[in-house]
Structures are given as C-alpha cells and as structure tokens.
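Student: Just dropping this structure here.
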Amino acid sequence: MRVLMICLALYACVQEEIKEKVRPGAAMDAEVLFVRGTALASEGRHTEAIDAYRQAAVLAPGSAKIHYNLGNAYARQLDYPSAMAAYQRVLALDSTHVSARHNLAAMYVKQLNYAQAIDEHRRVLSLDPGHLTTYYDLGYIYFLRGEYGEVEKLLQAGLDRDSTNASFYRLLGRTRLKELDFERAAATLMRAVELDSMDAAAYVDLAQVELKRREYAAAELAARRAIAFDSLSKEAYFALANALKRLGRREESTEVLAQFRALDQQLDKIDDQLRMLGNAPDDHEARAQLGLLYTEQGRLTEAAEAYRLAVRLAPDSLRYRNNLGNLYLRLGQFAEAVVEYQAALALDPEYDKAHYNLGQVYMRLQRFDEAVASLAEARRLAPEDVETHYFLGLLHARTGDYAKAAEMLSVAVAARPDWLDARQKLAVAYLKSGKVEESKRELAAIQQMKESGQHE
Amino acid sequence: MLKFFLLLPLLSVPLYANPRFYDATQGAGIDFVHFNGANGQKFVIETVGPGGGFFDYDGDGRLDIYLINGAAVPGTDYDPAPQNALYHNRGDGTFADVTAHAGVGDTGYGMGCAVGDIENDGDLDLYVTNFGANVLYRNEGDGTFADVTVAAQVGDEGWGASAAFADIDRDGLVDLYVGNYHNFSYTNHRVCAEGGSGLQLYCGPEAFDGVTDVLYRNEGDGTFADITTAAGLGSAEGKELGVVFGDVDLDGDPDLYLANDKTLNFLYLNDGTGHFADEALLAGVAYNEDGDVEAGMGVDMGDYDNDGDPDLFVTNFQWETNTRYITLGDGTFVDEPFLAGLCKGSIAYLSWGTRFFDVDNDGDRDLFIANGHLESDVEQYENATFPQRNQLFLNVGDGRFEEYAEDGGALSLKRVSRGAAFGDYDDDGDIDVLVANVAARPTLMRNDGASGHWVRLRLEGRDSNRAGIGTRVEVTSGGRVQTDEVRSGASYLSQSDVQLHFGLGTATGIERVVVYWPSGRVEEYADLGVNQEHLLVEGAAR
C-alpha cells in the first residue's frame, strides 16, 4: 500500500507542467530534453527519460525541476541512492521544494531509515500543512513502527483537510484493527470502500477485520470483492481461504489456498529480484529476470521497463532485445518492437526467433511483404516450426497466392492435425487454388472434428 | 450485600506472588563469555548464535549448564580459541567449569545444542550444531564424553541451527533432526546496505539460498543413517532456525514444525512410520494471519490453554508480530496474535528463544521471549536498540496474555539475547531461565517469585527411548487437566530440561497422571504428591 501511494505521488509529480518560457541556446535545449524526458517517463520509459534528464541537467544545472524529475525516474527504477542524490540536489537549489522533500522521505523509507524519513516528512508538513500525501506516508511509517496513537493523530489531521480521502480511512481502519478495536475498524473500512468502491486493499483489510469479528460470511464477501478488483492480491486469497475454512468449506478453502500459494511464489520472486536490484542496480540479468516475472504476471509495462534497462546495461543480448520486442508487441508499440527485433538481427542475422517475431509485428503493421520476407527467413532457419508455416499460409492467402498458402498450411496441418483453424484455412486455400477434392476432404475432416469435439 | 458479591469472586481466585527473576550469573560462577569473532566484515554467522542448555549430564539430579561459543572469522585471531563450556551444578547455587574434564569444549563456530540418550544407557548425549561440521558427544556415564561424530556419521557440514532428537519411527531409539539455515559461506559472503545511512549491514536470508536439513535415523549400533529424502524432508526451500517435535495431531507419533526465516514455515506430519508430509499451508501454520511469511526464529509447542491440544508459538523479527497458532482441534490452526495480547508487546522487539512454561506455578503456561537486534548499528537508522530486554507474558486465561514488566530484576536487563533454555536448576520448584547472549556472558535468571504448588516428572522409557523423549503426559490436579510432552531441542538453538514441570496452583494433590509413551503404552498414576519430583518408569505403573 505504501509503495502504491509513493508510486502514485511520484507519477503525479512526473507530470509536472512546464511553466517557464522557452529560452534560447542551452536553456532551450535543456527544455526540449526535459519535455522529452517527461514524455518518456509518462510512458514508463524511465531509462530513456533518465538519459534525457541527465543531458538536460548538464545544460541547465540550476534547474530544480530537471533534478526533481530525474530523481523520480531513478526512484521508479529502484535506484534509490541516485534518486536521493537528485532530490538532495533539488533541495540544495530550493530548500522549500516540498515534493522533493516528500520524495526524499519516501526514499529513506525504502532504505528502512524511518527516523530520517520522519524528519523529512515533518519538514514537509511545516512547509505545507496541506500536503495530504505526507499525512498518509508519515502515518504509515508510524504504523510500521507500531505507534498507533501517532497514526490516528496524523490521519485525523489529514481527514480534517480532506474528509473524502479513502486512503486515510483505509489506513485508519487498519490501525484500529491493530488496536483490536474491531467495531471501529470495520466502520472505518466501510467508509473507505464507500468512498472508493474499487479499493481492493480496503476490502482485504475489511475481510481481515471480519475474520477477527468471526463474521466469516462477511469476510468471504469482502475478500471476494478484493480479488475482483485486484486479482494479484495474495492477502485477499489468504483471507478468503481462511473465511472458507472457518465456514466449513474445506475443499473450496484448499483450492483458494493453492491459488494463494502460486501467487505468493510469484510475488516472492519479484520481491527477491527487487531486493537484489536494490543492492546491485547494474545487474542486467536480475533486471531481465524481473522483466520475465512481471511478464508472467501480465504486468507488461513494468516488464518492458525492466527489459529496457537490461538492454541498456547489456546491449548485445539477443534475448533481452527479443523479449523487449515481444513486450512492445503485446503493448501495441509496434514501431518500438521493430527497432528491438532489428537490433537483435543486426547482432545475429541467423536468430530465427527475431525473424519470426519481426514477421508478426509487420503483419500487425500491415506491411505484408516484409512480413512474408521475415517469416520466410524464420522458416529457412527453423524449418520445423509449425506456426511459421501457418502464418506464411495466411500471408500468401492474403496476397492471393493460394497454391503457396495451401503448401504452407498443409505443413502446419500435417504437424498438428487437430488444429481446426489451420484446417479451415487450408480448405479455403485448396478451394481457391482449384483443388476441390482436397478441399472437400479437409471439410469432411473438419466436420468430423467438430462432431467429435476433438480439436484445438 | 454488595460487599459479599464483590468479595466472592476475589476470594475464588488464587493469589500468586509476582514473578521475580534474579540475575544469578555472576554469583553462580558462570564466567563464560561468548565470542563471535566480529571484526566489522559483517559475516552473518556472527549475529545468529548462540544457544545453550540445561541438562543433567552426570545423573546427580541437578541441572547442569552447557554454553555454546563462536570462533574466529577471517581477520580475527583468538588465543586461546573460544570453546563451548560445561558447568557442573554443585547444588548450592554455584557451578564449576568442567569443560576440560568432560571433553566437550568444541572449538567450532557453535550455534546450538540438543540432548537425547542415543544408546539408551541412561545418560544424556549431546549434539552441537556449528557453522561447519556438527559434533556428537556420547556421554560415557562417568562425567566425561567422547566425540563420536565420525563413527556415528552425523557431522553434517552445513550451517546447523537448531536440532532435536525424536524417535520418529518409534523403534525405541531417538533419531536426530538438524535444521540448516542457508548456504552462506565465507566465499559467497557479502554485505548489504539496506538500512540507509551508508551503513554496512548483515545480509538478510533473502541474500542466500535455502539448503536441505538432515534427518538421521539411529541405526542402534552407534551409527546414524541420513534418511532425509526418503523421509520426505528433502526440501531446500526453507531456511530453518527453529525446530520442534511434538504430536500435533495426537496420533501417537512425533510431528515436526520448522520455523523458517523469511520463507514459509513447515509442519511435517508423521504417518507413523517416520515418513513426513508438509501440511503447513492447509493447517494454517505456514504464514501469519495476513498471509505473509515472517522471519521465523525460535519455536515452541505447548498446551497453553489446557484444552489437550498442542499450540504453536513462533518468534519473529522486529516490526513483525510473534505468532501464536491455536489448534482448532480439526488439524488446523488459527493465528490471532492481537486477540492473544501478544502483538503490541512484541512488535518492537526482535525475538528468538521462547517457551511456554508456568512461571508462577498457577496452573497455566506463560510465555518467555528472548530479544536482541541483529545489528549493532541499528540505532543509527531505526527506532530500535541492539540490546533489548527479554519479555515475559503471563497467561491471564481466555487465551490471552499480558506482558509482565519487572522493575529492577533480571527481566529488565537489556542484552543481545538469542537462545533460551528452561529448567529448575536450583531445585526450588520453579522454572529458571538460561539466556545465551551474543558476544557477552549468558544470563542465568533465577526464578524467585513462583508460589503455587508444582510437580516434576522424570520419564524413563523401557520399550520407548530411555529419556522418554516424545512422551506425552496429562496431569489432572484440582480439576484442571494439563498436558505436556518431553522434548529435545525447541526454543532457539537451545535445550531445556527434559523433565516435565507442572504448576498446580493451590491444588494440594494430583488426582491422576496419564502417560502416553512413544511405544504406544499408556499408563496411569494416581495420588502423586505435590512439590516433589517423581520418576515414572515405563511399565512400572501399578
């Protein structure tokens, strides 16, 4: 939760508007670089954003906003020492820069340096008593330290300024849970979900309160809502399993526990990688592994960022570039995908996977001739690959070369006879190329497959 | 009339003196100092040990003390080399260092110890875990020990943490389980920077890989066989620190619970033949109540609520709650530290050795926790201290505990504590505590505050293993039924007295004692006297 809040705060800050007028010369160049960096950061491309900001900082070393955004980009990359250095640079230029001080405090928290974090957050509040995020973040530190009275005070002060802040209610509810005040905890968390009906974390806390109150049906309901809004909330699965167990539904509980365990193992791996990177930010393989783990969880933007940095640290890695290309492909960033696949092929022209993937992205870009060329090259290098033949078949059919399409598709069908879609397309290709008997044979086979239900 | 109703419940509650612990270390002649070799390079072994133990090595009826020492690390020299120490209880409150005579002064980098009678000859043998090869000392019965590690084939060279003996296949011979922590070595050593301020800190368990533990089957001929994998215990996923055996499912065989550091805990249920399957996840004892893994350190099993089922307790890291798992009676547990009153009091401490025991002899089991941080520099980056005071939680009934803070006694001392062992060394009818401290003297905490009646039971197996390890006993006194089990190991790196101690409160008699021997034999005793020790020999009940 704390991480989410910090990330949200950082993200908001990255969007800082450029208010100064463009100046000529170096200042103008710095501004252009700053704008580029901001745009890149907003797309989650922090590695490239850092490049832009660093160049901007050389041209305009006295610009607080450049150092500030640089710090944010470093923070998003988990490079906390560099982020802290950037924020401290901002504060050296402008000691009243509230956001930089707030984010510096967040970095101290990342390093478990709570005492320093508290100091910085307190300074933020003295500079800007209306800085709502700080009430939450500071409260959360006290929460971690078990100083629940301080948490209550801070959150109440925050709520005095914004009584509709669901996050405050959530943390307040969790605090009351820790204080064994279950009734007030439940009421507070209910208020949190009234204000933000999609707040999965609040539902998780509510589920845990209901478990404490031995209201197991209510706990089940809250846990299921949490899962509906955040399918990666392992705490929600755990609470649900506990509720089901206490409701006597042991088999369901066991199933949910298995889901929890699988998720927990995935998240553990990610945590391990993040921890490792905290100590060794230049470990490209660790970055790539992190990317792989994010990919497995469907967190593609984060995965792409991890691979971007891996590529940055090890530009000659075919695997990193290919995987980054794949992520761009899945994210719909086709131009970027082409760049990565081509870079991989420049390193090794015989890399069949990159040819295949390049063919895929060209298909999506409707650059069909290039797609055919890429897939043909992939076929030459990996003649046993069934899907290459399938897609080549589709491409040839699209250009009207049905004989060639039938040739390719028949290879795919021979390798995977239960592949219904390939057989249907093969039937069409046979028909269009004048091979009526072959087409009928395929259609008969398709009919039989449908009736038997045995097909892919 | 009003006074009558107010007085009645007060009079019905026995009044007990407040617990009071006296630091008897110096007066007892315990001059042992633990050395950990620390020289600033932050080898993580320096901050994990040590443990210690109470056991009667010479059969004179008095508890002696064994203390584990560290050793030099690269860049540190000691002359002479630190060694483990055995202190003989003279019976007058003082101890004599008999290490050299007894031959148990191992100089390996020591972690913990456990005892059991490996050859059923009536004396307790001693197993020492090390960072490096472990050591088995066979008790020769004449006040000396022989190092039989090589012949017995139990010198596992991993990083041994807690260990425990148990007769896993109920063949009358105790087997041996050794929990290994992780794969740290001097060659993969590194320093971690978490904590901020540029400080060089010990790396947490995440920085290293788990390794398999070892289960040795006692072959009965002086040797042991490694049956870890065959017994279903070959997982390398855990990073074991705490080990406790006990009959969790009350089916007559010892099950195994392992506290792991930042990996999920394991509950291995024994199928009765010495084969185990991990049921921790389904039983609800793998994670804490929120589904998080915690930094499991020490562990104990005990029936604190006197309902006949063993409950579990695991000590964890600072800012984590210690975890008490209550048996629901259907093979599952629930973790409710807040309801137990154990949350607020534990979150500010980094906890290690622990035990359910009846500190005031009022008839229910209280809880002791040894505390101390890992990092000597912790005060520079966190609202915490390196030395911390140990804690005592009194059982106040209804499943709740309340912390008891002593003013000026041994409980108020701040040390960097690790292992804790429990036993009545001064034979005055209450349980004393031996706490092993890092790079310092241990603390011998003499209990001077218990006022209730008590009984101590020494179990001696015949068909079962001689030390009675794994024997479960039910004591009915004053209408209250208490259960406990003879254990080797448990707590953290430590060995407590293998005799069973029951506080009886105001009861002046014991209606019934039922003994469930590991052999399957069940025996019953009636009308045992209070405030004394009884020797219960398997097969001798009338």
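Student: From the list B:187, B:144, pick out the single residue that is over 23 Å from the mean Cα position of the chain (by Cα), farther than 28 Å from residue B:315 by Cβ and touching a residue at least 12 places away in the same chain (Cβ under 8 Å). Give the steps one after another, and end with the answer.
Tutor: Values: B:187 fails: touching a residue at least 12 places away in the same chain (Cβ under 8 Å).
Result: B:144 is the single residue among B:187, B:144 that is over 23 Å from the mean Cα position of the chain (by Cα), farther than 28 Å from residue B:315 by Cβ and touching a residue at least 12 places away in the same chain (Cβ under 8 Å).
Student: If you don't mind, there's one more thing I want to ask. Filter segment B:381-398 down to the residues that are modelled with pLDDT of 95 or more and within 11 Å of chain A (Cβ to nearest Cβ) and list them by number.
Tutor: none
Student: I'd like to verify a number: residues in segment B:453-476 that are farther than 19 Å from residue B:303 by Cα, small (Gly, Ala, Ser) and open to solvent by 10 Å² or more (accessible area, probe 1.4 Å), how many?
Tutor: Selection size over segment B:453-476: 1.
Student: Would you say residue B:397 is open to solvent by less than 40 Å² (accessible area, probe 1.4 Å) and either touching a strand residue (DSSP E or B) at 6+ places or on another chain (Cβ under 7 Å) or farther than 24 Å from residue B:86 by Cβ (or both)?
Tutor: Details: open to solvent by less than 40 Å² (accessible area, probe 1.4 Å): yes; either touching a strand residue (DSSP E or B) at 6+ places or on another chain (Cβ under 7 Å) or farther than 24 Å from residue B:86 by Cβ (or both): yes.
Judged against the criteria, residue B:397 is a match.
Student: Next question, about the same structure. Given the residues A:178, A:234, which is the only one that is closer than 25 Å to residue B:319 by Cα and under 27 Å from the mean Cα position of the chain (by Cα)?
Tutor: Details: A:178 fails: under 27 Å from the mean Cα position of the chain (by Cα).
Being closer than 25 Å to residue B:319 by Cα and under 27 Å from the mean Cα position of the chain (by Cα) holds for just one of A:178, A:234, which is A:234.
Student: If you scan segment B:376-399, which residues turn out to be closer than 23 Å to residue B:364 by Cβ and among the hydrophobic types (A, V, I, L, M, F, W, C)? Give the steps one after another, and end with the answer.
Tutor: Within segment B:376-399, the first condition is being closer than 23 Å to residue B:364 by Cβ, and the residues that meet it are B:390-399.
Across segment B:376-399, the qualifying residues are B:392, B:393, B:394, B:396.
Student: Sticking with this one: Would you check which residues across segment B:462-513 are under 27 Å from residue B:219 (Cβ atoms), among the polar types (S, T, N, Q) and in a strand (DSSP E or B) and list them?
Tutor: B:495
Student: Further question on the same structure: Applying the selection to segment A:176-229, what residues are more than 12 Å from chain B (Cβ to nearest Cβ), in a loop (DSSP other than H, G, I, E, B) and open to solvent by 20 Å² or more (accessible area, probe 1.4 Å)?
Tutor: A:196, A:197, A:198, A:215
Student: Determine if segment B:361-380 includes at least one residue that is at the interface with chain A (Cβ under 10 Å from one of its Cβ atoms) and within 21 Å of the chain's Cα centre (by Cα).
Tutor: no
Student: If I filter segment B:235-263 down to residues being more than 20 Å from the chain's Cα centre (by Cα) and of a type in the set (A, V, I, L, M), which single residue comes out as surrounded by the fewest Cβ atoms within 10 Å (Cβ to Cβ)?
Tutor: Here the answer is B:236.
Condition check ((1) touching a strand residue (DSSP E or B) at 6+ places or on another chain (Cβ under 9 Å); (2) part of a loop (DSSP other than H, G, I, E, B); (3) of a type in the set (Ser, Thr, Tyr); (4) open to solvent by 50 Å² or more (accessible area, probe 1.4 Å)) across all residues:
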position: A:329; (1), (2), (3), (4): no, no, no, no
position: A:346; (1), (2), (3), (4): no, no, no, yes
position: A:356; (1), (2), (3), (4): no, no, yes, no
position: A:379; (1), (2), (3), (4): no, no, no, yes
position: A:390; (1), (2), (3), (4): no, no, yes, no
position: A:393; (1), (2), (3), (4): no, no, no, no
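Student: If a residue must be within 14 Å of another protein chain (Cβ to nearest Cβ), free of Cβ contacts under 8 Å to residues at least 60 places away in the same chain and not hydrophobic (A, V, I, L, M, F, W, C), how many such residues does segment B:252-306 contain?
Tutor: Here the count works out to 14.
Student: Here is a list: A:296, A:350, A:340. Which entry is in contact with a helix residue (DSSP H, G or I) (Cβ under 7 Å, 6 or more places away or on another chain), buried (at least 16 other Cβ atoms within 10 Å of the Cβ) and of a type in the set (Asp, Glu)?
Tutor: Numbers: A:296 fails: buried (at least 16 other Cβ atoms within 10 Å of the Cβ); A:350 fails: buried (at least 16 other Cβ atoms within 10 Å of the Cβ).
Checking each option against the conditions leaves just A:340.
Student: Of the numbered conditions (1) crowded, with 24+ Cβ neighbours inside 10 Å; (2) within 14 Å of chain A (Cβ to nearest Cβ), residue B:319 satisfies every one except a single condition; which is it?
Tutor: (1)
This table checks each residue for (1) more than 30 Å from residue B:326 (Cβ to Cβ); (2) more than 8 Å from chain B (Cβ to nearest Cβ); (3) among the hydrophobic types (A, V, I, L, M, F, W, C); (4) free of Cβ contacts under 8 Å to residues at least 40 places away in the same chain.
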site	(1), (2), (3), (4)
A:237	no, no, no, yes
A:249	no, yes, no, yes
A:261	no, no, no, yes
A:280	yes, yes, yes, yes
A:285	yes, yes, no, yes
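Student: Checking the condition buried (at least 16 other Cβ atoms within 10 Å of the Cβ) and more than 29 Å from residue B:369 (Cα to Cα), which residue from B:512, B:521 passes?
Tutor: Working: B:512 fails: buried (at least 16 other Cβ atoms within 10 Å of the Cβ).
Sole residue among the options that is buried (at least 16 other Cβ atoms within 10 Å of the Cβ) and more than 29 Å from residue B:369 (Cα to Cα): B:521.
Student: Tell me yes or no: at least one residue of segment B:329-351 is under 17 Å from residue B:261 (Cα atoms), open to solvent by 10 Å² or more (accessible area, probe 1.4 Å), modelled with pLDDT of 90 or more and within 14 Å of chain A (Cβ to nearest Cβ).
Tutor: yes
Student: Open to solvent by 20 Å² or more (accessible area, probe 1.4 Å) and over 26 Å from residue B:529 (Cβ atoms) - does that describe any residue in segment B:433-440? Walk me through it before giving the result.
Tutor: First, the residues of segment B:433-440 that are open to solvent by 20 Å² or more (accessible area, probe 1.4 Å): B:439-440.
Add one more test, that the residue is over 26 Å from residue B:529 (Cβ atoms), and what stays is B:439-440.
Taking every residue of segment B:433-440 in turn, at least one turns out to be open to solvent by 20 Å² or more (accessible area, probe 1.4 Å) and over 26 Å from residue B:529 (Cβ atoms).
Student: How many residues does segment A:306-320 contain that are open to solvent by 40 Å² or more (accessible area, probe 1.4 Å) and out of contact with any His (no Cβ under 6 Å at 6 or more places or on another chain)? Show your work before the answer.
Tutor: Initial filter on segment A:306-320 (open to solvent by 40 Å² or more (accessible area, probe 1.4 Å)): A:312-313, A:315-316, A:318-319.
Applying the additional criterion that residues be out of contact with any His (no Cβ under 6 Å at 6 or more places or on another chain) yields A:312, A:315-316, A:318-319.
Qualifying residue count, segment A:306-320: 5.
Student: Right, here's the next one. Is there a residue in segment A:113-121 that is in a loop (DSSP other than H, G, I, E, B) and closer than 22 Å to residue B:204 by Cα?
Tutor: Taking segment A:113-121 first, the residues in a loop (DSSP other than H, G, I, E, B) are A:113.
In the following step, the residues that additionally are closer than 22 Å to residue B:204 by Cα were identified as A:113.
Yes: one or more hits.
Student: Within segment B:363-384, count every residue that is among the polar types (S, T, N, Q) and either touching a Lys or Arg at 6+ places or on another chain (Cβ under 7 Å) or in a strand (DSSP E or B) (or both). Break it down stepwise before answering.
Tutor: Just the residues of segment B:363-384 that are among the polar types (S, T, N, Q), to begin with: B:371, B:376, B:380, B:383.
Then keep just the ones that are either touching a Lys or Arg at 6+ places or on another chain (Cβ under 7 Å) or in a strand (DSSP E or B) (or both); that gives B:371, B:383.
The qualifying residues number 2.
Student: With the requirement that a residue be in a loop (DSSP other than H, G, I, E, B) and of a type in the set (Ser, Thr, Tyr), what does segment B:514-542 give you?
Tutor: If we filter segment B:514-542 for residues that are in a loop (DSSP other than H, G, I, E, B), which is where we start, we get B:517-521, B:529-531, B:538-542.
Within segment B:514-542, just B:519 meets the criteria.
Student: Please go through segment A:422-454 and give me each residue that is open to solvent by less than 50 Å² (accessible area, probe 1.4 Å) and assigned to a helix (DSSP H, G or I), ordered by number.
Tutor: A:422, A:423, A:426, A:427, A:429, A:430, A:439, A:442, A:445, A:446, A:449
Student: Tell me which of these residue B:324 doesn't satisfy, since it passes every other one: (1) open to solvent by less than 10 Å² (accessible area, probe 1.4 Å); (2) within 14 Å of chain A (Cβ to nearest Cβ); (3) in contact with a helix residue (DSSP H, G or I) (Cβ under 9 Å, 6 or more places away or on another chain).
Tutor: Going through the list (1) open to solvent by less than 10 Å² (accessible area, probe 1.4 Å); (2) within 14 Å of chain A (Cβ to nearest Cβ); (3) in contact with a helix residue (DSSP H, G or I) (Cβ under 9 Å, 6 or more places away or on another chain), residue B:324 breaks only (2).
Student: Return the pair list, or none, for Cβ contacts closer than 8 Å from residues in segment A:100-125 that are within 14 Å of chain B (Cβ to nearest Cβ) to residues that are among the basic types (Lys, Arg), at least 6 apart or on different chains.
Tutor: A:109/A:2; A:114/A:145; A:120/A:101
Student: Select from segment A:126-175 the residues that are more than 14 Å from chain B (Cβ to nearest Cβ), of a type in the set (A, V, I, L, M, F, W, C) and free of Cβ contacts under 8 Å to residues at least 60 places away in the same chain and list them in ascending order.
Tutor: Hits for segment A:126-175 are A:127, A:132, A:154, A:155, A:157, A:159, A:166, A:168, A:172.
Student: Still on this structure: How about segment B:366-390: which of its residues are in contact with a Gly (Cβ under 6 Å, 6 or more places away or on another chain) and buried (at least 24 other Cβ atoms within 10 Å of the Cβ)?
Tutor: B:370 - this is the single residue of segment B:366-390 that is in contact with a Gly (Cβ under 6 Å, 6 or more places away or on another chain) and buried (at least 24 other Cβ atoms within 10 Å of the Cβ).
The values are calculated or read from the model by the stated rules, or taken from the named source; none is laboratory data. The structure displayed is predicted, hence computed values, not measured ones. Every residue, glycine as well, gets a Cβ built from its backbone with ideal geometry; the counts of neighbours run over all protein chains shown. With ligands, DNA and RNA removed, areas are computed over all heavy atoms of the protein, side chains included. Shrake-Rupley method; radii C 1.70, N 1.55, O 1.52, S 1.80 Å.
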